[in-house]
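Heads up, the thing below is written out as structure tokens.
The values are calculated or read from the model by the stated rules, or taken from the named source; none is laboratory data. In this text, all values refer to a predicted model and were calculated from it rather than measured experimentally. Cβ coordinates were reconstructed from backbone atoms using ideal geometry, including for glycine residues, and neighbour counts include every protein chain displayed. When the accessible area is computed, the model is the full protein with side chains, heavy atoms only, and any ligands, DNA or RNA have been set aside. Shrake-Rupley method; radii C 1.70, N 1.55, O 1.52, S 1.80 Å.
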2 protein chains.
Amino acid sequence: MPSPPAPSVTVLGLGAMGSALAAATLAAGHPTTVWNRTPGRAEALAAAGARAATTVREAAVAAEIVVVCLLDHASVLEVLDPVADALADRTLVDVTTTTPEESRALATWAAEHGIDHVDGGIMAVPSMIGGPGAEVLYSGPRDAFDTARPVLDRWGQSSWLGDDPGLAPLYDLALLASMYAMFAGFFHGAAMVGTAGVSATDFARRAAPWLAAMTSELADYADVVDRRDYGGPGQQSLEFSDPSDILRASEEAGLATDVVAAVRALVRRQVDAGYGADGFARIVESIRNPGHDAGAVRADAEQPIVAGGTS
Amino acid sequence: MPSPPAPSVTVLGLGAMGSALAAATLAAGHPTTVWNRTPGRAEALAAAGARAATTVREAAVAAEIVVVCLLDHASVLEVLDPVADALADRTLVDVTTTTPEESRALATWAAEHGIDHVDGGIMAVPSMIGGPGAEVLYSGPRDAFDTARPVLDRWGQSSWLGDDPGLAPLYDLALLASMYAMFAGFFHGAAMVGTAGVSATDFARRAAPWLAAMTSELADYADVVDRRDYGGPGQQSLEFSDPSDILRASEEAGLATDVVAAVRALVRRQVDAGYGADGFARIVESIRNPGHDAGAVRADAEQPIVAGGTS
């Protein structure tokens, strides 16, 4: 018995990620149509067998599953709204990075035009697409997800989070926030050792396995956060975690301190509010409570609550 | 032939890290003396066989290898200077987190008092000490490192970086900068998904393996940084990496944006200077060139150089 034909796919937007998504579906045997505002981007994919559409409309009508991977929510609406009629009854998978509210707005727009809409948040960089370790989070109607799934599974592990289309973008942005912060911290460290003539490559040789090892701490931090047990035993204190020494060393070396200063501000808001002996995980309260409020006041705080902060 | 006796060790400072270091040498059979300004901290170690000294001097004379693990450089001098005579001819291993210049100052102080000094930077959290994945970086005279090594190897992999005592602290602070940024990013993400009722533990289940996977990108970023090849193919552009959507979603959710805003400032300084099409690794130039200077000006930058920035 022959296997069912692979669903056809259109990818709108051929940045590094869109190109990687299209290459993966093409390699897996899905008839793949691609479109990009700047036509040159389609050349390599066309040479590999993709159909390069010259208009969005031509691309939209070419496939059952239409993937959109553009710069932002505004670009998505700008590209799709003029061809909404051509997308009716198709499954639209928006992997553009948007906010949860923007995703819900696109879902409303799609429903108005009879389009099935799934939001996707790609937890990978382009080079990881189609390989082990790539995960894509989805939210929106389960049946739309199931329809698109034969295509989606070509990119990595597909995880459906729920009906609310805002869930995938929320998780997506939360994971991206962690990633960008880690990357920025890496570049800061590379700049620091660079002042002593150490190459970024040498630094990466130590930093990559070490940061990977440090991720094993996150489950414990999360447990502390969920139980709000910042005073429990075995935690490294906020006083001890104050990165003022990193800030000072960075200034001594003539470097910009944006990222370290931000971490320090989160720490200082808790220390200034009297929680210096609590564990480092308490900085989550600085994030949850903006405006120089250190979060719920602990009755047994040993130091007076100080209004204001150091941010 | 009996093995040589395990060198005796003193650990000054019993915070979470100092306690873990002392516990590891004690477990490995080294006669271990401990001291802490607040005596209560020594109780568990004393129950396990450590000698709890009541004064710094008593602790200093008790062992060949004296480890100091205090809050900062000022605490180290404050504790050691009064007993400098008792430390003569001993090997002092300072694993307190200090700046490179502070480490060089302590080396000078030690030399003046006939003390062998090695600086150590611990690339692990206390729970990792003595287990796989813990690495400690050292710098200072090689013979002092070799003398202390039977003790040092109890904590993890011991790596000697060179004679300049400032090297280990520089690497230490650079790796700590990366780590704190990653942790702060994790807490930011946990706070984000928390606004939709998702637990930090659920978030950690995805964030930990995902961040670990992302560390595989660091070698490529480092290569780009070393070659300053920010315009090479296959890089995710700065325009695409602008975390303004994460910032907006965080504000929508009522969260403080310190960490995301810091990353965004690094990105914007490059974009504003006309490098928006270059790869994300170019943010290292924002760090290397503080004061709103975007680094070396590219002759073919498509947009005018803008003085100032968004930080």
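Output, in nm with one decimal and in ascending order, the distances from the A:ALA27 label point to the matching label points of the other copies (7 Å from Cα along Cα-to-Cβ).
Label point to label point, same position, other copies: 4.4 nm.
What does the average come to when, for each residue of peptide B:232-245, you count the partner chain Cβ atoms lying within 10 Å of its Cβ?
Other-chain Cβ atoms within 10 Å of each residue's Cβ, averaged: 4.
With every protein chain present, what is the per residue accessible area of segment A:9-164 (1.4 Å probe, Å²)?
Heavy-atom accessible area per residue stands at 38 Å².
Can you tell me which of A:48-56, B:10-18 comes out highest on packing, and rank the rest after it, using the mean Cβ neighbours within 10 Å?
So the peptides A:48-56, B:10-18, ranked by packing, come out B:10-18, A:48-56.
So how much slack lies between B:THR38 and B:ASP146, counting 0.36 nm per residue of separation and subtracting their Cα-Cα distance, in nm?
Result for the pair: 35.7 nm of gain on full extension.
Compute the label-point distances linking A:GLU112 to its equivalents in the other copies; points lie 7 Å from Cα along Cα→Cβ; give nm, one decimal, shortest first.
Distances between equivalent label points, in nm: 7.6.
Tally up the carbon and sulfur contribution to the accessible surface of chain A as a whole percent, 1.4 Å probe, everything protein left in place. Walk me through the numbers before you get to the answer.
Values: 6110 of 11660 Å².
Heavy-atom surface of chain A belonging to carbon and sulfur, 1.4 Å probe: 52 percent.
Using Cα pairs under 8 angstrom and six or more residues apart, how large is the relative contact order of segment B:56-109, in percent?
46
Sorted by average packing, counted as other Cβ atoms within 10 angstrom per residue and highest first, what order do A:224-232, A:254-262 take?
Averaged packing, sorted descending, gives the order A:254-262, A:224-232.
May I ask you to give the average projected area over all directions of the convex hull of the Cα atoms of the protein assembly as shown, in nm² rounded to one decimal? List each step's numbers first, then the result.
On the way: hull surface 129.9 nm².
So the mean shadow area of the Cα hull is 32.5 nm².
Could you work out the mean count of beta carbons from other protein chains within 10 Å of each residue's beta carbon in A:14-26?
Numbers: counts 0, 4, 7, 2, 0, 1, 1, 0, 0, 0, 0, 0, 0.
That works out to 1 on average.
Report the local net charge at B:ASP164: Lys and Arg +1, Asp and Glu -1, summed over other residues whose C-beta lies under 13 Å from its C-beta.
-1
If each label sits 7 angstrom from Cα along the C-beta direction, how far apart, in nm, is A:ARG205 from its counterparts in the other copies?
3.9
Given segment A:9-164, what percent of its DSSP beta bridges are antiparallel, to the nearest 5?
20
Springs between alpha-carbon atoms under 10 Å, Gaussian network over chain A: tell me which of A:LEU92, A:LEU247, A:LEU218 tops the mean-square fluctuations.
Of the options given, A:LEU218 has the highest mean-square fluctuation.
Of the beta bridges DSSP finds with both residues in chain B, what % are antiparallel, to the nearest 5?
Within chain B, antiparallel bridges account for around 20 percent of the total.
Near the amide H of A:ALA134, under 5 Å away, which other amide H atoms are found, from residues 5 or more places off or on another chain, if H is placed in the peptide plane?
For A:ALA134, whose amide H was placed from the backbone, the distant partners under 5 Å are A:GLN157.
Express in whole angstrom the spacing between the alpha-carbon centres of segment A:56-112 and segment A:150-209.
Measuring centre to centre over Cα atoms gives 26 Å.
Long-range amide H contacts for B:ASP116: which residues qualify at under 5 Å (H placed 1.01 Å from N, peptide plane, sequence gap of 5 or more or a different chain)?
B:ASP89, B:ARG90, B:LEU92
Peptide A:159-166: average number of partner chain Cβ atoms within 10 Å per residue?
Per residue, the average neighbour count from other chains is 1.
Mind ordering A:164-171, A:281-288, B:160-167 by average Cβ neighbours within 10 Å, highest first?
Result, highest mean first: A:281-288, A:164-171, B:160-167.
Could you pull out every residue, at least 5 positions away or on a different chain, whose amide H is within less than 5 Å of the one on B:ALA52? Hs are placed 1.01 Å off N in the peptide plane, and Pro or chain starts have none.
B:VAL34
Over segment B:38-179, calculate the relative contact order: mean separation of alpha carbon pairs under 8 Å at least 6 apart, over the residue count, as a percent.
20
Under a crude label model (7 Å from the Cα following the beta-carbon direction), how far is A:ALA46 from A:GLU251 in nanometres?
For the pair A:ALA46/A:GLU251, the computed spacing is 5.6 nm.
How long are the semi-axes of the equivalent ellipsoid of chain A, taking √(5λ) for every eigenvalue λ of the Cα gyration tensor, in whole Å from largest down?
Listed largest to smallest, the semi-axes of chain A are 44, 23, 17 Å.
How much accessible area is lost when chains B and A come together, counting both sides, with a 1.4 Å probe, in Å² rounded to the nearest 100?
8500
Considering Cα pairs under 8 angstrom that are at least six residues apart, work out the relative contact order of chain A and quote it in whole percent.
11
Compute a Gaussian network model of chain B, connecting alpha carbons closer than 10 Å, and tell me which residue from B:ALA22, B:ALA144, B:ALA253 fluctuates the most.
B:ALA253
Measuring with a 1.4 Å probe in the full set of protein chains, what accessible area per residue, in whole Å², belongs to segment A:172-251?
The answer is 32 Å² per residue.
Could you tell me what percent of the DSSP beta bridges with both partners in the protein assembly as shown are antiparallel, to the nearest 5?
20
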